[in-house]
Each structure stands twice: as C-alpha cells, then as structure tokens.
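The values are calculated or read from the model by the stated rules, or taken from the named source; none is laboratory data. Remember, it's a predicted structure, so these values are computed and weren't measured experimentally. Don't worry about glycine lacking a Cβ; one is built from the backbone with ideal geometry, like all the others, and counts go over all protein chains shown.
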Amino acid sequence: MSRWEPNARSRLAQAALQLFIERGFDQTTVAEIAGRAGLTERTFFRYFADKREVLFGGSADLQELLVRTVADQPATVAPLEAIAAALLAAGALLEERRDFARQRQVVIAAHDELRERELIKLAALAAALAKALRRRSISEPAASLAAEAGIAVFKVAFERWILDSNQGDLPQLIRESLTDLKVMTTGM
C-alpha cells in the first residue's frame, strides 16, 4: 500500500460504517476497517484516535460552527433566534452528509455505550450554546433554557430527517420544529 492515499479519511469512515452495520460495533476491529479501506492500521490512527471517533470525530467542528454562528448574530437578535440561526447552519452542513448520518445513527442506536456518548455530545453542544449566549450578555436561566430548547428542536428534527427521506431537508425540519415549539409555548 502506498504511503499516501487520496480520500483516506472518507474511505476509512465508509469502511467502518459498513463493518459496524454488518458485524456490529464491538465485533469490528481497526485492522478490519483499515483492510476494508485498502489502508494500514497506522493510517487509520493518523485520522482517528479510536474506532468511536469515526462516529464522533466531527463533534468539535459542529460545536464550533454552532458557537460561531450564535456569536455572529446581531446584538438585537433574541436568544432563541440566535440558536435557530446556529441550528439552521448545522442543518445545512449535515444535509450534505445524509447517507453517512443515517448509517451512523443505525450504528449508534444498536449500541448502549454509543447512545450514551451521543447524549453526552448533545449535552456538550447545549452547554457550548448556553456559554455563547452568556457571552452575548444573556443571563441565566434564559441562556440555558434557549440552548437546551434548541438542542431538543435539533434532536427532534434530526430524528425525523434520518427516519424518513420524504420529510424534507434538515433545515426545513428544523424550521418546522422551531415553529412547533413557538406554537406550544405561546399557548401557555
């Protein structure tokens, strides 16, 4: 095998997902992933710390996008509107990776430890969003409430998007879920 292979990270991720789905997460080894991708284990570890990182490696980039988008909103934007803008930016990014996201979710749903890690990831995203709102001088509990509500909206829209390709694109589903939230909260 050559030292450098084009699209190695993508090939490794696709090979890992295929094997996770075929054999299960626990039964799949890094050696098998690398072999399926036509690469070496050493190459795998250049891109991923371990096989879980195939599924969660993009979390930091997603968090950075969300936080940056909240920070870039005009000062006059309400907290939930700033969160909505961030969610829509994330939705547009993920829309390009629907097949990967769908396969990833199948693997996570089948494994308790991975489901727990997904929940931890969502909690970390909510905490980062709340912190970004506090930097915009939004006080507590408003910052945390807006961030947690935003993550709940994202989670509901994401699940709809994953389960049914006829539901529409992810940004559209995020908008619909935000509208549903507004309707529910104004009726109180």
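Can you find a residue in the stretch 93-112 that is of a type in the set (S, T, N, Q) and either under 15 Å from the mean Cα position of the chain (by Cα) or modelled with pLDDT of 95 or more (or both)? Break it down stepwise before answering.
Here is the first cut: in the stretch 93-112, the residues of a type in the set (S, T, N, Q) are 103, 105.
Among the residues that remain, those that are also either under 15 Å from the mean Cα position of the chain (by Cα) or modelled with pLDDT of 95 or more (or both) are: 103, 105.
So far as the stretch 93-112 goes, yes, one or more of its residues are of a type in the set (S, T, N, Q) and either under 15 Å from the mean Cα position of the chain (by Cα) or modelled with pLDDT of 95 or more (or both).
How many residues does the stretch 127-144 contain that are hydrophobic (A, V, I, L, M, F, W, C), touching a residue at least 40 places away in the same chain (Cβ under 8 Å) and not in a loop (DSSP other than H, G, I, E, B)? Write out each step before concluding.
Step one: list which residues in the stretch 127-144 are hydrophobic (A, V, I, L, M, F, W, C), which gives 127-130, 132-133, 138, 142-143.
Filter once more, keeping what is touching a residue at least 40 places away in the same chain (Cβ under 8 Å): 128-129, 132-133, 138, 142-143.
Retained after the next criterion (residues that are not in a loop (DSSP other than H, G, I, E, B)): 128-129, 132-133, 142-143.
The qualifying residues number 6.
Here is a list: Ala146, Ala126, Ala142, Ala110. Which entry is out of contact with any Asp or Glu (no Cβ under 7 Å at 6 or more places or on another chain) and either under 17 Å from Ala60 (Cα atoms) or surrounded by 20 or more Cβ atoms within 10 Å (Cβ to Cβ) (or both)?
Numbers: Ala126 fails: out of contact with any Asp or Glu (no Cβ under 7 Å at 6 or more places or on another chain); Ala142 fails: either under 17 Å from Ala60 (Cα atoms) or surrounded by 20 or more Cβ atoms within 10 Å (Cβ to Cβ) (or both); Ala110 fails: either under 17 Å from Ala60 (Cα atoms) or surrounded by 20 or more Cβ atoms within 10 Å (Cβ to Cβ) (or both).
One residue alone meets the criteria, Ala146.
Residue-by-condition table, conditions (1) under 22 Å from Ile108 (Cβ atoms); (2) outside the structural domain of Asp112 (by TED's automatic domain parsing); (3) within 24 Å of the chain's Cα centre (by Cα):
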residue	(1), (2), (3)
Gln18	yes, yes, yes
Glu32	yes, yes, no
Thr40	no, yes, no
Arg46	no, yes, yes
Ala49	yes, yes, yes
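Considering each residue of the stretch 153-166, count those that are surrounded by 15 or more Cβ atoms within 10 Å (Cβ to Cβ), over 16 Å from Leu122 (Cα atoms) and of a type outside the set (Val, Ile, Thr), and give that number.
Result for the stretch 153-166: 2.
On the basis of being more than 25 Å from Glu22 (Cβ to Cβ), charged (D, E, K, R) and modelled with pLDDT of 95 or more, does Asp61 make the cut?
On the way: more than 25 Å from Glu22 (Cβ to Cβ): yes; charged (D, E, K, R): yes; modelled with pLDDT of 95 or more: no.
Judged against the criteria, Asp61 is not a match.
Given the criteria assigned by TED's automatic domain parsing to the domain that holds Ala71, in contact (Cβ under 8 Å) with a residue 60 or more places away in the chain and surrounded by fewer than 15 Cβ atoms within 10 Å (Cβ to Cβ), does Arg102 qualify?
Yes: the conditions hold for Arg102.
Mind listing just one residue for me: the one in the stretch 74-88 that is touching a helix residue (DSSP H, G or I) at 6+ places or on another chain (Cβ under 7 Å) and surrounded by fewer than 19 Cβ atoms within 10 Å (Cβ to Cβ) and, of those, nearest to Lys131 (Cα to Cα)? Reasoning before the result, please.
Going residue by residue through the stretch 74-88, those that are touching a helix residue (DSSP H, G or I) at 6+ places or on another chain (Cβ under 7 Å) are 79-80, 82-88.
Filter once more, keeping what is surrounded by fewer than 19 Cβ atoms within 10 Å (Cβ to Cβ): 85, 88.
Details: Ala85: 16, Leu88: 19 Å.
Once the filter is applied, the top-ranked residue is Ala85.
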